[in-house]
Amino acid sequence: MRAIVKQQAGPGLVLTDVPEPVIGINDVLVRVRKTGICGTDLHIEAWDPWAARTIHAPLVVGHEFVGEIVDVGSNVTDFQAGDLVSGEGHVVCGRCRHCLAGRRHLCANTIGLGVGRDGAFAEFVALPMANVWHHWPGVDEEVAAIFDPFGNAVHTALAFPVLGEDVLVSGAGPIGLMATAVARHAGARHIVVSEPNAYRRALATRMGATVVVDPRERDLHDVQAELGMVEGFDVAMEMSGNAAALRTAISNMAHGGGIAILGIPTDEISIDVNEIVFKMLTLRGIYGREMYETWYKMTVMLQSGLDIKPAITHRFPYRDFEAAFAAARSGDSGKVIMDWTAR
Ligand code: NAD
Ligand code: ZN
């Protein structure tokens, strides 16, 4: 089968032929239809220090996908050929304290699809049945392809109650954009999106932001005054991984506020703990999605009118993966989709 592969340690990816995955008795085999490019894939392509530490080549990369089941192992009775599915990209151990308690997103032994095992940028991908989400009828196929990062957005956006609250979103990458739409759908009052990139600020407005801000040009305290906010943001979603963005969020919070941190910094960030103490803030790290409460919420919010489609800005056939990666890397893009159906 055709697959996008990290063939050896070092920068680059190649489109090449690899053997089709062989499934075990608890696995499903999926014919991939569409995939999304994640920042993780860009890190692996570029071979940054994280990738050099984490990735063992050869590896089929990619974890955001939608496809159709073509085969199931002998233990699998819940799924059948023809089902339209996506994969939960975190393969958990099933045996630790949290897994046994049903809190699988807290598993400390998680293996990432397309990171620690062969991934989805291929004509076929194999997954344990416990990692399969069977889409409900009527789902848009491109939206289905990005349920993984959409789930990051939903997990973060619903970490603290947003109904009627004033929300700060730092970073309008694909996930910040989707989180903006989720916060709007979930009833936030003001949603201020801070993002240096003008293309992404324009998208954030389309996704439902009240105000978009270039953090290099405007102080959020001014924005608060302009909106007539009383004390500060009730909820912040850190989706940039940027140190200044986190510090700015902390200094613009109302007492008792909550900051959900999804963004992954490359270095340590120093913060003023006095502000956390005296404002009685809650900082909460968010990793992945809740299995499968987040997936359920994504599905029902789409059915009740949530529209994340404007966050998808570019589409390429998989053969043009280099152009697709360049579009994702440029920053002047939302989510970039690769189509695997044109063979
Ligand atoms: P992205 O890199 O496309 O978006 C980050 C955005 O932050 C960019 O648009 C960038 O311009 C913006 N930014 C940079 N400096 C800023 C500043 N000072 N203030 C405000 N915005 C600033 O990433 P994404 O795919 O949207 O993902 C968002 C973050 O979440 C990334 O850090 C990513 O690594 C991380 N992530 C975490 C998980 C998890 O499970 N915790 C999963 C996926 C992605
Ligand atoms: Zn576990």
*Using a cut-off of 22 Å between alpha-carbon atoms, which lysines can reach residue 34, once sequence neighbours fewer than 8 places away in the same chain are excluded?*
6, 297, 309, 335
*Find which of 182, 237, 264 sits farthest along the positive direction of the dipole of segment 152-285, computed with +1 on the beta-carbon of Lys and Arg, -1 on that of Asp and Glu, about the Cα centre.*
182
*asked:* Which of the three applies to segment 259-333, rounded, prolate or oblate, going by the alpha-carbon gyration tensor with a ≥ b ≥ c and a/c under 1.5 meaning rounded?
replied: oblate
*Is any residue of segment 136-162 close enough, with backbone N under 11 Å, to a label point placed 7 angstrom from the Cα of residue 230 along the Cα-Cβ axis, and if so, which?*
none
*Calculated from DSSP H runs of 4 or more alone, at -39500 (n - 2.57) each and per residue, what is the 222 nm mean residue ellipticity of the chain, nearest 500?*
-8000 deg cm²/dmol
*Base-10 log of normalised Debye intensity for segment 1-133 (one unit scatterer per alpha-carbon) at q = 0.20, 0.21 Å⁻¹*: -1.17, -1.24
*Can you tell me the FRET efficiency between residue 319 and residue 134 if r is taken as the Cβ-Cβ distance and R0 is 25 Å, rounded to the nearest 0.05?*
0.30
_Taking N as its residue count, the alpha carbon Rg of segment 152-285 over 2.2 N^0.38 Å_ = 0.92
*For the peptides 205-217, 136-148, what is the packing order when you average, over each peptide's residues, the other Cβ atoms within 10 Å and list the highest mean first?*
136-148, 205-217
*Let me know the charge dipole size of the chain about its Cα centre in debye, to the nearest 20, where only the beta-carbon of Lys, Arg (+1) and Asp, Glu (-1) is charged.*
300
_Computed FRET value (nearest 0.05) for residue 251 with residue 17, which takes r as the C-beta separation and R₀ as 51 Å_ = 0.45
_What distance in nm separates the two pseudo spin-label positions at residue 332 and residue 284, each 7 Å out from Cα along the beta-carbon direction?_
3.8
*Label residue 274 and residue 304 with points 7 Å out from Cα along Cα→Cβ: what is the distance between them in nm?*
4.3
_Can you compute the charge dipole magnitude of segment 152-285 about its Cα centre, using +1 on each Lys and Arg Cβ and -1 on each Asp and Glu Cβ, nothing else charged? Give it in debye, rounded to the nearest 20._
440
_Cut-off 13 Å between beta-carbons: net charge of the residues surrounding residue 238, Lys and Arg +1, Asp and Glu -1_ = +1
_Fully extended contour minus Cα-Cα distance, from residue 198 to residue 80, at 0.36 nm per residue_ = 38.0 nm
*Taking K and R as +1 and D and E as -1, what net charge do the other residues with C-beta under 13 Å from the C-beta of residue 126 add up to?*
-3
*Cα centroid distance between segment 14-53 and segment 199-234, in Å?*
37
*At a Förster radius of 30 Å, what calculated FRET efficiency corresponds to the Cβ-Cβ distance of residue 267 and residue 8, to the nearest 0.05?*
0.65
_Choice from 89, 36, 232 with maximal GNM fluctuation in the chain (Cα, 10 Å cutoff)_ = 232
*So how far apart, in nm, are the two label points at residue 68 and residue 50 if each is 7 Å from Cα heading toward Cβ?*
3.5
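Quick note: the coordinates plus some simple rules give every number you see, no bench work behind them. Because the structure is a prediction, the values reported are computed rather than measured. All Cβ positions, glycine included, derive from the backbone under ideal geometry; neighbour counts span all protein chains shown.
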